[in-house]
Amino acid sequence: MSKSVLPDAFQEARNGKGFGTVDDQNDPVTMVLGLKDVRKCAHNWKTFQSGGEEVGRIVVPSEVAIRDTRQIPFEVDPPEHANYRAIVEPWFKRPLEADYQASLKAIIDELIDEVLAKDSVEVVADFSLKLQSRALTLLLNIPYEEAQVWINWGTHVFRSDDTALDADKANILYDYIDQQIDKAIANPGEDLYSVLLNSEVNGRKLSKEEVKGVMILTFAGGRDTVINAVTNSIAYFAENPESLNRLQNEPEITGKAVEELIRYFSPLTHMGRVVTEDTQVCEHAVKANSRISLCWASANRDERVFENANEVVLDRKINPHVGFGFATHNCLGATHARQIMNILLTSLSAKVKNIDILDHQDNIEDWQEFQRKVGFEQLTVSFR
């Protein structure tokens, strides 16, 4: 099988019963698989909530055991959600600005030039992680050199080689954010920490805990997802060099290509919600205080919506994917991620003629009845 192909692990269940089940730390989750059902449940925040008393429970796997800070606005429901979102959304739209895009292009071009000068490169750690971390300095508006601190943490924020949830590793992030907040209090600047500390919600300043919640979301939410999207795209263009050539000859389709790669790769498999009342999903009974998950990866392969759903169609005309979530809690960092991908594809098509895969190890997520390839643990290539 082609190394860049991500098989649809959910097809049989999606087209049959419409849902799946997974036991998450003795807390069962009903996985919603069809696009229509996923969108319907995501829209119904009253029945399927993101807030609630148990911080971290909507994430799959649950982070209740390793986190007691609420991620904002991710784990807040309307109407309060809108108040928090109004504070942070203008900041996260900055990637639409020309100066921001020029700086991001400089970061990406420099990194591509670095790997072109090497005989081989391990993409996950030495390209995707570096790109994600260096680009994050732009989003936070802090010195470029700080990226090396985050690169030294390794690929995953909450996961180590032998455990899916590593509290000690998570505490490295939490302690770091606490230190940066204290620095911003002592010496306010124009970085995101300082902006948040000076912001108000409901007529009062954000607390340190609320600022920390925004920052945890910013660090954790955009890490594995961007790394997966970039790494998988490199693998795809290695095995489909004609697609890279096409982007150079038809730059006008680059935006559509970005959306299609996000749809196909679906860097985040799913996200949970807590059920507030006895109800049904896909004619399956779910009880109050149980959990469902919105399976973006399955919804994005729904052949009832996407023609040739298991193929990458770079210029796909109609593409209502949910790779960045849907409805109230759609991804706050989507604009930043889209700009990374857009500039990356443009620069790769201009600078790189061929990419050869030398070695690889797949990253397989184990969701019990579903084994989903989400990307790569390692991918060694030669850029030419």
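The values are calculated or read from the model by the stated rules, or taken from the named source; none is laboratory data. Being a predicted model, the structure only gives us computed values, none of them experimental. Backbone-built Cβ (ideal geometry, glycine too); neighbour counts: all protein chains shown. The protein model used for the area step is the full one, side chains on, heavy atoms only, and it has no ligands, DNA or RNA in it. Shrake-Rupley method; radii C 1.70, N 1.55, O 1.52, S 1.80 Å.
Just for segment 85-109: of the residues that are without any contact (Cβ under 8 Å) to a residue 12 or more places away in the chain and outside any loop (DSSP other than H, G, I, E, B), which one is surrounded by the fewest Cβ atoms within 10 Å (Cβ to Cβ)?
First pass over segment 85-109, keeping only residues without any contact (Cβ under 8 Å) to a residue 12 or more places away in the chain: 86, 90, 97-99, 102, 106.
Among the residues that remain, those that are also outside any loop (DSSP other than H, G, I, E, B) are: 86, 90, 98-99, 102, 106.
Working: 86: 12, 90: 9, 98: 7, 99: 9, 102: 10, 106: 13.
Per the criteria, the residue is 98.
Output the qualifying pairs, or none if there are none: Cβ atoms under 9 angstrom, residues six or more apart or on different chains, first residue in segment 9-22 and under 15 Å from residue 304 (Cα atoms) and crowded, with 16+ Cβ neighbours inside 10 Å, second residue modelled with pLDDT of 95 or more and among the hydroxyl-bearing types (Ser, Thr, Tyr). Filtered contacts from segment 9-22: 10/298; 11/298; 13/298; 14/298. The residue that is nearest to residue 235 (Cα to Cα), among those in segment 349-361 that are surrounded by fewer than 17 Cβ atoms within 10 Å (Cβ to Cβ), of a type outside the set (A, V, I, L, M, F, W, C) and touching a residue at least 24 places away in the same chain (Cβ under 8 Å), is 356. Cβ-Cβ distances below 7 Å connect the following pairs, each with a first residue in segment 179-206 that is within 22 Å of residue 86 (Cβ to Cβ), a second residue that is aromatic (Phe, Trp, Tyr) and open to solvent by less than 70 Å² (accessible area, probe 1.4 Å), and a separation of six or more residues or different chains: 181/193; 184/193; 192/91; 195/91; 201/84. Here residue 318 meets the list (1) free of Cβ contacts under 8 Å to residues at least 12 places away in the same chain; (2) on the phi > 0 side of the Ramachandran plot almost entirely, failing just condition (2).
Need at least 3 residues that are open to solvent by 50 Å² or more (accessible area, probe 1.4 Å) per element, so show me which helices (runs of 4 or more DSSP H) inside segment 110-214 make the cut, counting only ones lying wholly within it. Full working, then the answer.
Numbers: elements: 129-140, 147-152, 167-186, 192-197.
Ranges flagged: 147-152, 167-186.
Scanning segment 315-334 for residues that are within 15 Å of residue 262 (Cβ to Cβ) and crowded, with 19+ Cβ neighbours inside 10 Å yields a total of 8. Scanning segment 62-79 for residues that are touching a residue at least 12 places away in the same chain (Cβ under 8 Å) and closer than 20 Å to residue 45 by Cα yields 62, 70, 71, 72, 73, 74, 75, 76, 77, 78. Going by the structure shown, is residue 4 in a loop (DSSP other than H, G, I, E, B) and either at pLDDT 95 or above or of a type outside the set (A, V, I, L, M, F, W, C) (or both)? So residue 4 fits the description; yes.
Of all residues in segment 58-85, those being over 25 Å from residue 23 (Cα atoms) and hydrophobic (A, V, I, L, M, F, W, C) number 2. Taking (1) in contact (Cβ under 8 Å) with a residue 40 or more places away in the chain; (2) in contact with a Phe, Trp or Tyr (Cβ under 8 Å, 6 or more places away or on another chain) in turn, residue 215 satisfies each apart from (1).
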